[in-house]
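The numbers here are math on the coordinates, done by the rules we state, and not lab data. Computed from a prediction, not measured in an experiment: that's the story for all the values here. Here the Cβ is made from the backbone with ideal geometry for all residues, glycine too, and neighbour counts use every protein chain on show.
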Amino acid sequence: MHCPFCQSSDTRVIDSRVSEDGATIRRRRECEACGERFSTLETIELKLPAVIKSDGRRDQFDARKLRQSFDRALHKRAVSEEQIEAAVRAVIQQLRRTTERELPSRRVGEFVMAELRKLDHVAFVRYASVYRSFEDVADFREELDRLERDLPGEDQLPLLDTGVVPFDKTERKKR
């Protein structure tokens with residue numbers, strides 16, 4: 001490791017600490033030549049599969065794009081940062097488990113939808129509407145019916161109000 005101050009390659013590790021999630025190691029270093037101290041982060045570098053887009057292009061997997069997808073779908077939803085990070089890690093873990101060098105973007109999208117389905121039904125439908133290119137309201141209705149049939153939302157609000165009485169906004173605040 002070269003010193004960022006004098007470019008000397010003679011540096012030594014003073015202290016090492018593992019991050020809370022165990023994914024990185026922070027090392028405190030000291031340059032033997034100039035005496036300056038600096039920190040480095042060590043992470044595991046695993047090659048994730050390339051993503052084959054629907055138009056045939058191949059892109060390297062980008063975790064920032066994955067996180068943006070979750071953020072857009074979960075915008076203004078009551079899901080914690082920790083839950084989002086765990087979902088992103090779960091998708092990346094699934095990608096690592098595949099032994100393929102390339103994956104269709106459709107498969108990555110399926111991984112994302114599976115995690116969103118667990119986190120928040122509304123976010124799942126948001127993502128699915130774009131991902132599956134819903135054409136009309138009937139497509140939304142089909143997906144909502146499938147979701148409610150497959151997953152009774154134990155701790156989530158129902159997707160549609162099935163009662164005859166119109167939804168009262170003041171009632172929503174009480175929930």
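What nm distance separates the two modelled labels at Glu110 and Arg149, each placed 7 Å from Cα along Cα→Cβ?
So the label points at Glu110 and Arg149 sit 1.9 nm apart.
Which part of the range 86-103 falls in the paramagnetic zone of Lys118, meaning amide N under 11 Å from the point 7 Å along Cα-to-beta-carbon?
Answer for this model: 86-94.
Which values of log₁₀ I(q)/I(0), to two decimal places, follow from the Debye formula for the range 50-150 at q = 0.13, 0.16, 0.22 Å⁻¹ with a uniform point scatterer at every Cα?
-0.48, -0.72, -1.21
Counting only the backbone N, which residues of the range 1-22 are under 14 Å from the spot 7 Å out from the Cα of Ala33 toward its beta-carbon?
Label zone hits: 1-12.
In nm², what is the average projected area of the convex hull enclosing the Cα atoms of the range 1-106?
On the way: hull surface 38.9 nm².
Average of the hull's projected areas for the range 1-106 equals 9.7 nm².
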